[in-house]
Amino acid sequence: GAGVSQSPRYKVAKRGQDVALRCDPISGHVSLFWYQQALGQGPEFLTYFQNEAQLDKSGLPSDRFFAERPEGSVSTLKIQRTQQEDSAVYLCASSSRDRDYTIYFGEGSWLTVV
Amino acid sequence: GDSVTQMEGPVTLSEEAFLTINCTYTATGYPSLFWYVQYPGEGLQLLLKATKADDKGSNKGFEATYRKETTSFHLEKGSVQVSDSAVYFCALSDGDSNYQLIWGAGTKLIIKP
């Protein structure tokens, strides 16, 4: 697609509920990233994929967070047993060598845990 | 480790004023430098970038020059508009691990008519 697409744009979850956030990167982009952005702060790195391989998951805050990209294209970020501190915007981004590795972001999935 | 420092906000200006948002960095390698903008309620958009020393990135009237001697990448615009109101983030990607962006804290810009 023309840009990075994320869904849902907005999600309200009850505490303890599981959520799944989807990211469709720019077509042909090998690299895919997930970031978490709390209100009024800059993005915090969560995880990085190169094709289907998850090369870095050092930013995932707990084992309740899980990301996958099984076919090297669409990615899903799953949060189990959500807690209030998980409320944030989850940003997906992608990049490729053909575009100088510049990282392009989606509009984000805004998660509110109540 | 690598880091980015940008001026604290909010920065409040009148329409048509000159804008400077300072950004300095520390890096061990040869980073690429970026300015991203986030409009209210939206995601991050790449505003401009520079990949080597003395490069000037420009877009939508904004400019920034990669200054290796002062390790800076200040964002400038000659005449701001109300529609420029947003949060501006300076970031770098290190040549060794350029898949990960190092971010400044962001500077909120408010333009009054």
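The values are calculated or read from the model by the stated rules, or taken from the named source; none is laboratory data. Source: prediction; values computed, not measured. Please note: Cβ atoms are built from the backbone with ideal geometry, for glycine as well, and neighbour counts cover all protein chains shown. The protein model used for the area step is the full one, side chains on, heavy atoms only, and it has no ligands, DNA or RNA in it. Shrake-Rupley method; radii C 1.70, N 1.55, O 1.52, S 1.80 Å.
Just give me the residues in segment A:67-114 being closer than 26 Å to residue B:92 by Cβ, away from chain B (no Cβ under 11 Å), not in a loop (DSSP other than H, G, I, E, B) and not small (Gly, Ala, Ser), in sequence order. A:77, A:98 - these are the residues of segment A:67-114 that are closer than 26 Å to residue B:92 by Cβ, away from chain B (no Cβ under 11 Å), not in a loop (DSSP other than H, G, I, E, B) and not small (Gly, Ala, Ser). Of all residues in segment B:66-92, those being more than 14 Å from the chain's Cα centre (by Cα) and β-branched (Val, Ile, Thr) number 3. The single condition among (1) farther than 18 Å from residue A:93 by Cβ; (2) of a type outside the set (A, V, I, L, M, F, W, C); (3) surrounded by fewer than 14 Cβ atoms within 10 Å (Cβ to Cβ) that residue B:39 does not meet is (1). From the residues in segment B:88-111 that are modelled with pLDDT of 95 or more and touching a Leu at 6+ places or on another chain (Cβ under 8 Å), which one is surrounded by the fewest Cβ atoms within 10 Å (Cβ to Cβ)? Per the stated criteria, the residue is B:110.
For residue A:49, indicate whether it is more than 18 Å from residue A:106 (Cβ to Cβ) and surrounded by 15 or more Cβ atoms within 10 Å (Cβ to Cβ). In short, no. Scanning segment B:8-36 for residues that are away from chain A (no Cβ under 14 Å) and in contact with a Lys or Arg (Cβ under 6 Å, 6 or more places away or on another chain), we see that the one that is most open to solvent (accessible area, probe 1.4 Å) is B:14. Of all residue pairs spaced 6 or more apart or on separate chains, those with beta-carbon atoms under 6 Å, a first member in segment B:64-81 that is farther than 17 Å from residue B:19 by Cα and in a loop (DSSP other than H, G, I, E, B) and a second member that is open to solvent by less than 80 Å² (accessible area, probe 1.4 Å) and among the hydroxyl-bearing types (Ser, Thr, Tyr) are B:71/B:24; B:71/B:25.
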